Amino acid sequence: MPFDDEDLIPASLNPTSDEAPFDPEDGDQAQDFRLFTSLLTGPGKKTQASSKAIRRGEKDFESHGTRAQENVLESSRSAMHEVLGYTRQHQPRNVVRGWYFPDRWADTPMESEPTSDATADKQSGDRTTTKARGSSQGLFASERVVALESDRSTMLTSMGRVVTSAEKSSPGWLKTWLLPEEALFLVERGTLDLWWPARGIEEIFPIDEDLEDKGKLEDYELGVPLSLQAAYALFIGRDGERGKISLERYQVYANLRRTGYRVLRAASILPKSPPSRTSESLWQWLFSLLKKTNNLLALQSSYPGYGPLVRPGLYRSYVPIFEQLALVQRHKPSPLPTSESPDPQDPFKIHFLIWKSNSNFMKTKPPPPDFQMAVVDARDSSVPTLEQLDTLLLSTPWDPPEDEGKIGAGFVYKRLKHGWRNAIMAIVDRGLISYMRFGEMAFGEELLYQNTNLLDITGKASKQ
Amino acid sequence: MAAVKKPAIDAPPPGLQKQSREKQDRSATKPRKIPFHEIYALPAPIRTFPLPSFYPNNPLSLFHVLWAWTRQVLSPPPAEPSVIHQGHWSPETRSVHVRDAVSIRALWEQGFFGKGHYSRSEPNWLKREQNRQGQGDKKVSELVTAQRREERKMMKWDRARKEQEAIHKTRLQEAWRAPVGPMELLALPNSPQDLHVSSPSKLSNGHTSYESPLDSSAPHVSIRSTRNQAPPTSIPIPPIPSLVGNGDAASKIETDPFPSLNRSQSPIPPTATTARASPDTIPSTPKRRKSVRFSPKVESTTFQLFDPPSPHIGSSTNGKMPNGDMTNTTVALPQPMGTVPAEALSVAIPAEGVANSPELVDREHLQLTPEEAFYLVFALGALSVMDPATEKALKAQELFRLFCQLSSLSPKTAELQPDNPFLIQYVVYHHFRSLGWVPRPGIKFGVDWLLYIGGPVFSHAEFAVIVLPAYTDPYWKSQGHQPARRSWHWLHSINRVQSHALKTMVMVYVDIPPPTQALEPSTLLKRYKVREFYMKRWLSNRSR
């Protein structure tokens, strides 16, 4: 018999947990280096640490003086040593040289076209329009500060763009340009060789006629290579600074990239379309009229000021009783934001769009994102107010729950927990990132009292 | 505390035997257990009179419907809510007390209102007390929890003991070393008679030469010799008395010419000897850095600082232990035997005292929070609250003013603020009640409310609600009124508790309307808007 202060129950016993049993102490566990060694050494080499020695879930709190324990510890330690001592080699063909030109696109206007039709693009058959639209959305030309000499790196499937709006044969017009976070991430990863130009862009990226001219100049006549520290100094800034990114956002970006996601900057918000009235049939209109008058009558007749709200009398079911109790305004989720809802304000707005790594991805024409993320600072901001949270969620796509109308406590829980819109907030506390998912719920959409046999169902469910 | 002690006292082995006995008793005395959904069938203290359903293919059911209808028309049942329960306002505890036993049961069973003030939740102090005094065997949730905790503790200790045994075994395996050095080989005894002579000389040989219970390839001679050295206490004393004192294991070695055969016959004694020897003789036994695990007295409820880290493997009952019922074996241990009588005595005294007093009076009352009481009065009309000062029933408006004033920080101001804390909490309580949820106070989880579907007896609460006020109205904007800033750390700490307790955290924002002249709660409540948002951790390395 469960009660308020019951002990913890394992997830497997909980009848309503339909997801995989999750571990509340998730995610942050130490890495098992033995997994890495098996990756690094390959089948040919024999290492002391084998992957079969991996044990999970057991923890030794004290050394108990057996050699077996020492061996396990030692093998783990040596695996860690091997992993850390692994020599990473940068193949010269994978290294790309990039040049820092912060002001090349400074005067390019921010694209006004919204990205909202990322979802619509996929289905639309008109190839040309999608191409034209896709090429300009999410471009952030004025923010792009690093030009690459080549675009052969595999990292570039989800990074960098060619600025298409540029005039033909202007310097750097066919080059791949990187955003500051992309450039910094590549530098940190060792894939990008960042250079500071000593000469103008015309000489570094000569327009194809004077190819022989470039041959004359040595590398160090063109510029100097930059260190990682220099890259940080160049790319990290405050929010809103052109060509820079705040440290928190970069930390989130880098963390997501290292975890294996594809991340793009979120361009802008959904368009505000006026609430479109769905055409009602005459019947529905009449019916709604009837309902309204009914409601009005009910409102006028009932609700004595100081109660009781339930008028004494004979009731055939609980539904009229609970209907008399409905006083507080409930939330009704709607697919289209109303036109008067304000724009989301920093920091509570979507900054990154995130895709899982296994999805097909084209950076010029990305599919609808898997997640939307806002980045906030844990110390500078506080728990969002209703307006902040509401406008943030209104800028995310409509994602209503499934299994509509199925009866049973499990389905009720599932629908409620799915919510109607959702967004992730990355709360960064001086480099430590906590991801939280927020979702719009609507308890008013689940009238439990109409579920007459819910008690039976819960009774059965709890016995399972 | 009494409840926790109880199972250990009146039935020392709360194992399978007791459970089966209980089951028999129950089946004998109680022929049928009423299922929960029949006891707790009503979602509110209001009855309904549904007409029987009419089946078109069964014309007789029409008569059934008609008969039921005419009966209800001719002699109508009393208007619901037919029973108005009596509550007493208690200004000291700031709650409403319900003292009548029938009302207590009714309010608990029909909507799960309130809490027994001696109980954790359901008012069942009387049952527990009767249980404690042996007047019946009632199943009470507190006892079930205590028993479950006890079982879990047993399970953990059992697990820890097995772990420790496994460690011990590997340690023994590792410690055994075949005698290969010339001096060691020479020192080996040649015949059983040599054993007595040779044993004192091997004092310096130390702990490293233990016999391994698993290693059968070891030569007989070495086993015999090492076994004789093993008990460290036996070494300084003359051999024969020490062996006697050491118990049957060693004395069997004395009589048996073939120790390996002996070992295969009774596997217990070798471990017994070595285990007893181990804490003293193995210097590599670690210091305890974390005293998290083991007590030799498995049934004692607390860990003592002086408890050794390993269980008492050497006891003669050891062989039975892995197979289950722990308490049976541990009772036989000499140490706990001393503690049991003391506990039994302490219980025996009140038990005698009860025998004199013939009956128990239920001294427990139900306590309702202001929100619950006001809901029962204002929404359902199923409760009337007495003012202790005037001995008169408080009207709904008096109750409302009272609760609002009590919760307000400055009770002097007579004006009702729209963001009065009681009002905000009541809006949320009313909101979820009116949708059919059972909200219960959630202070134990660090939240404002827990939401149950059906009620706490059916399932665990799935949602944990924290209430946050929101000032989105233009009036508040013009006043520059902002809600209190809450830190992210505050939110994370609550969320961590909820995820650990497998609850979904719901942030409920109550949109505060501008002030108004209206005072009736029904018009006030209509101006509030409630928004819910869930919040849970997103695990970046599990969502890929």
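Assigned to a helix (DSSP H, G or I), modelled with pLDDT of 80 or more and touching a strand residue (DSSP E or B) at 6+ places or on another chain (Cβ under 6 Å): which single residue out of A:L186, A:L234, A:L194 fits that description? Every option except A:L186 fails the conditions.
Every condition in (1) within 8 Å of chain A (Cβ to nearest Cβ); (2) out of contact with any Gly (no Cβ under 6 Å at 6 or more places or on another chain) is met by B:S522 except one, and the failing one is (2).
Residue count for the stretch A:303-329, restricted to those that are more than 7 Å from every other protein chain (Cβ to nearest Cβ) and among the β-branched types (V, I, T): 1. Taking the conditions (1) facing chain A (nearest Cβ under 10 Å); (2) surrounded by fewer than 21 Cβ atoms within 10 Å (Cβ to Cβ) in turn, B:Q417 satisfies each one other than (1). The set of residues from the stretch A:360-373 being at pLDDT below 85 and of a type in the set (S, T, N, Q) comprises A:N360, A:T364. Please verify whether B:P456 is in contact with a Ser or Thr (Cβ under 7 Å, 6 or more places away or on another chain), within 9 Å of chain A (Cβ to nearest Cβ) and within 30 Å of B:Q367 (Cβ to Cβ), treating the condition exactly as stated. So B:P456 fits the description; yes. What are the residues in the stretch A:142-174 that are out of contact with any Phe, Trp or Tyr (no Cβ under 7 Å at 6 or more places or on another chain) and of a type in the set (S, T, Y), if any? A:S150, A:S153, A:T154, A:T164, A:S165, A:S169, A:S170 - these are the residues of the stretch A:142-174 that are out of contact with any Phe, Trp or Tyr (no Cβ under 7 Å at 6 or more places or on another chain) and of a type in the set (S, T, Y).
Within the stretch B:77-102, residues that are closer than 17 Å to B:K395 by Cα and in contact (Cβ under 8 Å) with a residue 60 or more places away in the chain reach no partner that is loosely packed, with under 12 Cβ neighbours inside 10 Å and of a type in the set (V, I, T) with beta carbons closer than 7 Å at six or more positions or on different chains. For the stretch A:393-436, the set of residues classified as more than 24 Å from A:R379 (Cα to Cα), among the small types (G, A, S) and more than 8 Å from chain B (Cβ to nearest Cβ) consists of A:S395, A:G405, A:G408, A:G410, listed by residue number.
Out of the residues in the stretch A:411-431 that are in a strand (DSSP E or B) and either within 13 Å of the chain's Cα centre (by Cα) or without any contact (Cβ under 8 Å) to a residue 24 or more places away in the chain (or both), state the one that is surrounded by the fewest Cβ atoms within 10 Å (Cβ to Cβ).
Among residues in the stretch A:411-431 that are in a strand (DSSP E or B) and either within 13 Å of the chain's Cα centre (by Cα) or without any contact (Cβ under 8 Å) to a residue 24 or more places away in the chain (or both), the one surrounded by the fewest Cβ atoms within 10 Å (Cβ to Cβ) is A:N422.
Screening the candidates B:A464, B:A501 for the property of being within 8 Å of chain A (Cβ to nearest Cβ), hydrophobic (A, V, I, L, M, F, W, C) and touching a Leu at 6+ places or on another chain (Cβ under 7 Å) yields one hit, B:A501.
Of the residues A:P275, A:P225, the single one that is surrounded by 12 or more Cβ atoms within 10 Å (Cβ to Cβ), at pLDDT below 95 and out of contact with any strand residue (DSSP E or B) (no Cβ under 8 Å at 6 or more places or on another chain) is A:P275.
Here is a check on your reading of the model: is B:Q425 modelled with pLDDT under 90 and either within 13 Å of another protein chain (Cβ to nearest Cβ) or out of contact with any Asp or Glu (no Cβ under 7 Å at 6 or more places or on another chain) (or both)?
no
Among the residues of the stretch B:44-94, those identified as surrounded by 13 or more Cβ atoms within 10 Å (Cβ to Cβ), assigned to a loop (DSSP other than H, G, I, E, B) and in contact with a strand residue (DSSP E or B) (Cβ under 7 Å, 6 or more places away or on another chain) are B:I46, B:R47, B:I84. All conditions but one from (1) among the acidic types (D, E); (2) more than 7 Å from every other protein chain (Cβ to nearest Cβ); (3) more than 31 Å from the chain's Cα centre (by Cα); (4) within 26 Å of B:P45 (Cα to Cα) apply to B:D448; the one that does not is (3).
Matching residues to (1) over 25 Å from the mean Cα position of the chain (by Cα); (2) within 30 Å of A:E323 (Cα to Cα); (3) at pLDDT below 80; (4) not hydrophobic (A, V, I, L, M, F, W, C):
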| residue | (1), (2), (3), (4) |
| --- | --- |
| B:A8 | no, no, yes, no |
| B:L16 | no, no, yes, no |
| B:K23 | no, no, yes, yes |
| B:S27 | yes, no, yes, yes |
| B:K33 | no, no, yes, yes |
| B:A44 | yes, yes, no, no |
| B:P50 | yes, yes, no, yes |
| B:S53 | yes, yes, yes, yes |
| B:V65 | yes, yes, no, no |
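Among the residues making up the stretch A:354-379, those that are more than 10 Å from chain B (Cβ to nearest Cβ) and over 15 Å from the mean Cα position of the chain (by Cα) are A:N360, A:F361, A:M362, A:K363, A:T364, A:K365. Search the stretch B:471-484 for residues that are within 11 Å of another protein chain (Cβ to nearest Cβ) and pair each with any residue that is assigned to a helix (DSSP H, G or I) and among the acidic types (D, E) when their beta-carbon atoms are under 8 Å apart and the residues are at least 6 apart or on different chains. Note: pairs meeting the criteria are B:T472/A:E387.
In this structure, is B:E163 closer than 26 Å to B:V438 by Cβ and not hydrophobic (A, V, I, L, M, F, W, C)? Spelling it out, it is not the case that B:E163 is closer than 26 Å to B:V438 by Cβ and not hydrophobic (A, V, I, L, M, F, W, C).
Among the numbered conditions (1) of a type in the set (A, V, I, L, M, F, W, C); (2) surrounded by fewer than 19 Cβ atoms within 10 Å (Cβ to Cβ); (3) closer than 29 Å to A:Y413 by Cα, the only one that B:F445 does not meet is (2).
Of the residues A:S334, A:S357, the single one that is under 17 Å from B:W538 (Cα atoms), modelled with pLDDT under 90 and out of contact with any Ser or Thr (no Cβ under 7 Å at 6 or more places or on another chain) is A:S357.
Exactly one residue out of A:R311, A:R316 is free of Cβ contacts under 8 Å to residues at least 12 places away in the same chain and either surrounded by fewer than 20 Cβ atoms within 10 Å (Cβ to Cβ) or of a type in the set (D, E) (or both), and it is A:R316.
Restricted to the stretch B:508-519, and to residues there that are touching a residue at least 12 places away in the same chain (Cβ under 8 Å) and part of a loop (DSSP other than H, G, I, E, B), the residue that is nearest to the other protein chains (Cβ to nearest Cβ) is B:L519.
The values are calculated or read from the model by the stated rules, or taken from the named source; none is laboratory data. This is a predicted model, so every value here is computed, not measured. Please note: Cβ atoms are built from the backbone with ideal geometry, for glycine as well, and neighbour counts cover all protein chains shown.
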